[in-house]
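In what follows, a structure is listed as structure tokens, so that the remarks can point back to it.
What follows draws every value from the coordinates through simple rules; no lab data is involved. Predicted, not measured: the structure shown is a model, and the values here were computed from it. Because the Cβ atoms are built from the backbone with ideal geometry, glycine has one as well, and the counts that use them run over all protein chains shown.
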């Protein structure tokens, strides 16, 4: 089964964070994401982990 991938914009909206904060956390490794060219993709399992931790 293939997991859904979220964009930075979608993750920011789901977690009610600023887009730049989400990008910074991805660059630092606080959030796990996949870099595709200039864009980040975040797997659904990681989004669930972030939401569970209040993130």
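Touching a strand residue (DSSP E or B) at 6+ places or on another chain (Cβ under 7 Å) and surrounded by fewer than 16 Cβ atoms within 10 Å (Cβ to Cβ): is that true of residue 34 in this structure? In short, yes.
This table checks each residue for (1) surrounded by fewer than 17 Cβ atoms within 10 Å (Cβ to Cβ); (2) in a helix (DSSP H, G or I); (3) within 11 Å of the chain's Cα centre (by Cα); (4) free of Cβ contacts under 8 Å to residues at least 60 places away in the same chain.
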| residue | (1), (2), (3), (4) |
| --- | --- |
| 3 | yes, no, no, yes |
| 9 | yes, yes, yes, yes |
| 13 | yes, yes, yes, yes |
| 21 | yes, yes, yes, yes |
| 30 | yes, no, yes, yes |
| 42 | no, no, yes, yes |
| 45 | yes, yes, yes, yes |
| 50 | no, yes, yes, yes |
| 54 | yes, no, no, yes |
